Every structure is written in C-alpha cells, then in structure tokens.
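Beneath this line is the structure, given in structure tokens, with notes to follow.
Laboratory data are not the source of any read-out in this text; all were calculated from the coordinates shown. Being a predicted model, the structure only gives us computed values, none of them experimental. Methodologically, a virtual Cβ is constructed for each residue, glycine included, from the backbone with ideal geometry; neighbour enumeration extends over all protein chains shown.
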Amino acid sequence: MRIAMSVTAMAVCLGLLAGTALAGPVAPGFAGSTFAANDDGATGAIGLGFSANFYGTTYSTAYVSNNGYITFNDGQGSYTPSGLGAGYSGQPIIAAFFADVDTRGAGSALTSYGTGTYMGYQAFGATWPGVGYFPSQDNLLNAFQILMTNRSDTGAGNFDIYLNYNQILWETGSASGGTGGFGGVSAAAGFNAGQAGNPDGTYYQFPGSLVNGALIDGGPNSLTANTNDGVTGQYIFQVRNGTIVVPPVTTVPEPASMAMFGMGLVGLGMVRRRRGRSRG
C-alpha cells in the first residue's frame, strides 16, 4: 500500500511540473487599451501611473511599439532590430522582443497595454499575447510581455522591469531578410539608456540576440526556457537610483530532467523504508 501511494504521489508531482512548464509567466490584465491590427505602428505617450528614473532621466510616460518594445522619448516603428549593446544608436528603449511584429493576420492577437497591479505593486504593462510577423503571417505566434512596477517604496523613481515570455516560435519578418519567420536579421532583447557613446553599464543585450535560431523555443538561448529570477521564462531587472544591476541568466532544468529527479527521490524513499523495516 505504501508503494502504491508513493507512485500516485509521483504522478501528481510530475503532472504539476508539466503544468507549470506550459503555463508561462505572462500576466493577465494590462489590456485597458488595445492596438488595432497593424504593422510597424506606435502609440502616443501613455501614462505609466508613476515616475521611473531610467539612467538619470525620470519618465512618467512611455510609447508602445507594435514591434515588441517601449520607448521613452517618442513613438517608434523600427522593425529590423539593431543591436542594443555598445553600438546602439537611438532613444531610450526596453525591448522584450525587437522584431517585425505584424498583427494583421486573422490568427494574430492584438498588442495591448495599460496599468494594473503586479506582485503587489502599481504597474504598467504592454503585452503581445500571440502575435504574428510581417507580412501578415499567423502560422507562428509569439507571446511575451513588458511590465514596469513602481518601487518608490525603496526610493524615489525606483522601479522593476519584468520581461515575460510564454512562447517564441518566430524570430524574423520577411522585410528583415527572414523566410517563414526565420533567418535574416533575428530579434534582439534587452534595454539601452540611449546615451551618447553608450557608457558601460547603461545597456544590456540578451545573449543570443541577432543570432539565427538562438532566442526561439528550443534554441540555445531560448527566452522561454531560461530565467534570471528562478521563474521559467521571466527576467527581472531592478532599477535603483537610475541604474540597473543585471543578474545572470540561468537555465531551468527540462521537465524530463525534473521527472527523473523526482523518480530518484521516490525510489530513494522506498529503499529507506525497506531498510528501516528490515532493521526493525
């Protein structure tokens, strides 16, 4: 009877692990406004609901680009990703997935944005909940999100950035040299303060950015399979006194590996119980 119960418990454990792996961290809500189906569009200034000190400049508004990022000086529709590192030339930007998003396909969801609460804090968010790529392609869809949470409880202008990823199946639009969503100039993710000369410490580009096949699901730098805070597919960056300390990205064990680990623990427990009975 004890062995049967252990096997049942193991099955429940594996089911929970599989469910967690599939769920993804993209948060519901933040959909007070929805961007009409478009290609390369950008919103006007949107109120964050709080003040955010991003590398020495405090912002109370941001602009959402349909192409997977937010900017702070003006709306932007650039679709072919440029590097977000030392060679970047542009305005302050936070990019979850800078690529040629096109939501005009019948099967594509629409980009949404708005304010709400996340992790118990006042927040602004933009969500791409299953979007296609140029030109109006919807055979592959990406689901990701940018959240900014107000952390003025730790100091004026402080905030946290969350980049959340549920599914990344394409990396490039056709106008960026891609074919069928792949190749060409692939997507980039990260952020840049947009300061002259890009001083050290004012930018971060995810490993695998601009590399064919790297950021998509199953790629060596898969955004959905890795993390820097222990939540699969989620990356947090704490902005304090205008600067960001970047935590290292780590790989989350695959469900199969976790399953084997769980089976090993169950087996070890059985052996210990048997040994305990034999010693009695």
Note to self: Taking the number of other C-beta atoms within 10 Å as the exposure measure, put D200, D100, D160, D74 in order starting with the fewest.
What the structure shows: D200, D74, D160, D100
Checklist line | Cβ-Cβ FRET estimate between R104 and A45, R0 fixed at 30 Å, reported to 0.05 | finding: 0.75
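Run the dipole for the stretch 26-252 about the Cα centre, Lys and Arg Cβ at +1, Asp and Glu Cβ at -1, nothing else charged, and hand back the magnitude in debye, nearest 20.
Roughly 280 debye for the stretch 26-252.
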Next item on the list: Note down the relative contact order for the stretch 60-151 as a percent, whole number, built from C-alpha pairs under 8 angstrom at least six residues apart.
Entry: 23
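Can you give the Kirkwood hydrodynamic radius for the stretch 26-252, in Å, rounded to one decimal and based on Cα pairs? Mind showing how you got there, number by number?
Numbers: mean 1/r = 0.0587 Å⁻¹.
After inverting the pairwise mean of 1/r, the radius is 17.0 Å.
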Item checked: Sorted by Cβ neighbour density within 10 Å, fewest at the top, the residues T43, T117, T250 -> T250, T117, T43
Check: Which order do L210, L147 fall in if you start with the one that has the fewest other Cβ atoms within 10 Å?
Finding: L210, L147
Margin query: Testing the spin-label approximation: label points 7 Å from Cα along Cα→Cβ at D74 and N139. State their distance in nm.
Written below: 3.7
